[in-house]
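Laboratory data are not the source of any read-out in this text; all were calculated from the coordinates shown. What you see is a predicted model; the values in this text were computed from it and never measured.
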């Protein structure tokens, strides 16, 4: 997908207008948060928080390693 985006003035800042096709593809709407991360080939725009994904992977690892301890604590 190659969509040109126009930078416009928003108060004292700048903003980008996202076409509704892109909003649909990202599954976002007004008021939602988007995350811009650096990628080897430029930048990546996603609706998923990359920090959350890292934290969940760490939590899953801890749950696998400490399964017995967590089972006892759940009682």
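Worth pointing out:
- For the chain, average projected area of the Cα convex hull in nm²: 8.7 nm²
- Each helix, a run of at least 4 DSSP H residues, gives -39500 (n - 2.57); summed and divided by the residues of the chain, these come to -11500 deg cm²/dmol at 222 nm.
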